[in-house]
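A short worksheet on the structure shown next.
The values are calculated or read from the model by the stated rules, or taken from the named source; none is laboratory data. None of these values were measured; they are calculated from a predicted model. No Cβ is skipped: glycine too gets one built from the backbone with ideal geometry, and neighbour counts run over all protein chains shown. Surface areas here come from the heavy atoms of the whole protein model, side chains and all, with no ligands, DNA or RNA. Shrake-Rupley method; radii C 1.70, N 1.55, O 1.52, S 1.80 Å.
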Amino acid sequence: MQFPKTLSVPILLLSLFLLESCAAQSRLIEDEIQTVNTENLKYYLYYPEGYDSDVDKEFGLLLFLHGGGESGGDLDELKESGPPKLLVEGKQFPFLVLAPQNPHKRKWWDTKAVMKLLDSVIETNRVDADRIYLTGLSRGGSAAWAISTQYPEKFAALAVVCGMAPLPYAHWIDKKMPIWVFHGDQDEVISVEESDKMVAKLKEMQYDVKYTRYEGVGHNSWGRAYTDDSLYKWLNQQKRN
């Protein structure tokens, strides 16, 4: 049986339309993939006086995260600022100091990798788990805020120098952990308002927070913050539980 010629064209067009409709349908699938990320972290580890002789004593540990300027270069660049610079100049700390290097010039810190390094150092050394301190400057300060929210029960104290501070982080930080924030009021890289707003929020929520706001100081507020010996005395006094 043959269709009338007058119907053959409409039927052909309809068939093409149905085929195109079927081909254009969207799909939603469910799947899963296991990813593995590796990070090569170079680091300095300082042992305080008495560590080797007093074999029964556990010591505190300060984790220091540098800024963007020291990322992705030679490890020696870490000696240009913060606690590593002071160590080169002969300063003695009462606790271990762990200073890793971010291997990426233009990437944020891999906080999971940093914490794996920290846990490895804790496991292989005589570290008091209740006296682990966290500090960072600039990009490292931003990472310190992030780590304090991701691992809220890990640290006995937090010191942040001129770091970006997203306000929602305030709700996730452990209220038992004392905090000290430093920032220069002339900072043109990371506005002092970042710290102003975060400190105001933390105080509003009844956190134990101190704030040192340097007048007439730009982004390099770490030059004053880390040379203030009262910071290290304060850190060494803090203990969880």
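Key figures
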item	result
Net lengthening on full extension, residue 213/residue 105 (0.36 nm per residue, minus Cα-Cα)	36.0 nm
Mean Cα-pair separation over length for the chain, i.e. relative contact order, pairs under 8 Å, 6 or more apart, %	17
Largest-first principal axis extents, alpha carbons of segment 62-124, Å	32, 28, 14
Heavy-atom accessible area per residue - segment 101-172, 1.4 Å, Å²	41
Contour minus Cα-Cα distance for residue 34 and residue 56 (0.36 nm per residue)	3.7 nm
Within the accessible area of segment 148-202 (1.4 Å probe), percent carbon and sulfur	51
Total formal charge among the other residues, if their Cβ is under 15 angstrom from that of residue 211, Lys/Arg +1 and Asp/Glu -1	-3
In segment 45-84, GluC sites (Glu not before Pro) in a DSSP loop with at most 16 other beta-carbon atoms within 10 Å	49, 58
Alpha-carbon Debye profile of segment 149-241, log10 I(q)/I(0) at 0.10, 0.20, 0.24 Å⁻¹	-0.25, -0.98, -1.28
Cα extents of the chain along the three principal axes, largest first (Å)	104, 43, 37
At R0 = 25 Å, FRET efficiency that the Cβ-Cβ distance of residue 45 and residue 228 yields, to 0.05	0.60
Acute angle (nearest 10 degrees) that the helix 111-124 long axis makes with the longest principal axis of the chain, alpha-carbon atoms	40
Of 42/107; 91/233; 116/201; 116/197, those spanning more than 19 Å from alpha-carbon to alpha-carbon	116/201; 116/197
Degrees separating the helix 5-23 axis from the principal Cα axis of the chain, which is the longest one	10
GluC sites (Glu not before Pro) restricted to segment 177-241 and DSSP loop, no more than 16 other C-beta within 10 Å	188, 215
Cβ charges +1 (Lys, Arg) and -1 (Asp, Glu), total dipole of segment 62-209, debye	340
Low-density loop positions, trypsin sites (Lys or Arg not before Pro), segment 128-220 - DSSP coil, at most 16 other Cβ in 10 Å	175, 176
